[in-house]
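Everything on this sheet refers to the single structure shown next.
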Amino acid sequence: MRILALVLLAIVAAMMWIRFAPSDPDRWNKPVSNPVDGVRDGSVLRILPGQAADMAAFEHIIQQTPRTRHLAGSVDEGMFTYITRSVLFGFPDYATVWVDGDDLLVYSRLRFGRGDMGVNTRRIDGWIAKLSAP
């Protein structure tokens, strides 16, 4: 019985850490060097050619996303990062948006684990679709 109690306590502690772990803006609010459009395990990077002027509109779309909060940066700075958490366990995903010349770049990645079952890709592609909608 003690072993079961210890296992449950460890699970609860891990879940609390995932939900309440601090997020260092200096770690998460930075661009990718040598960005390449594509999907990798737990992350997605999209390059929107010629859409730098749409950064404020893109941020507005992000702000409408449930369970999403601002971490750092701003449109005026040319880069910002938002955290979106999963419903059940509160797993954080970090989305950083920045301008490179005339292009708008969006990079979203998970913090914990190795894979996200396509969640970041669906979220980012959904934001891009809303930006492109009339």
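Computed quantities for the displayed model
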| item | result |
| --- | --- |
| Residue count for segment 14-29, restricted to those that are assigned to a helix (DSSP H, G or I) and surrounded by 10 or more Cβ atoms within 10 Å (Cβ to Cβ) | 9 |
| Test: residue in segment 111-123 that is surrounded by 15 or more Cβ atoms within 10 Å (Cβ to Cβ), among the hydroxyl-bearing types (Ser, Thr, Tyr) and either in a strand (DSSP E or B) or out of contact with any His (no Cβ under 6 Å at 6 or more places or on another chain) (or both) | yes |
| Some residue of segment 96-103 being aliphatic (A, V, I, L, M), touching a residue at least 40 places away in the same chain (Cβ under 8 Å) and in a strand (DSSP E or B) | yes |
| Some residue of segment 87-95 being surrounded by 14 or more Cβ atoms within 10 Å (Cβ to Cβ), in contact with a Leu (Cβ under 7 Å, 6 or more places away or on another chain), free of Cβ contacts under 8 Å to residues at least 24 places away in the same chain and not in a helix (DSSP H, G or I) | no |
| Residues located in segment 44-74, provided they are more than 16 Å from ILE128 (Cβ to Cβ), without any contact (Cβ under 8 Å) to a residue 40 or more places away in the chain and assigned to a strand (DSSP E or B) | ARG69, HIS70, SER74 |
| Residues that are of a type outside the set (Val, Ile, Thr), at pLDDT 95 or above and out of contact with any strand residue (DSSP E or B) (no Cβ under 6 Å at 6 or more places or on another chain), drawn from segment 71-86 | ASP76, GLU77 |
| Residues satisfying the stated conditions in segment 30-43, i.e. surrounded by fewer than 14 Cβ atoms within 10 Å (Cβ to Cβ) and either of a type in the set (S, T, N, Q) or under 15 Å from ILE128 (Cβ atoms) (or both) | SER33, ASN34, ASP37, GLY38 |
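The values are calculated or read from the model by the stated rules, or taken from the named source; none is laboratory data. No experiment lies behind these values; they were computed from the predicted model shown. Using ideal geometry, Cβ is built from the backbone for each residue, glycine included, and neighbour counts are taken over all protein chains shown.
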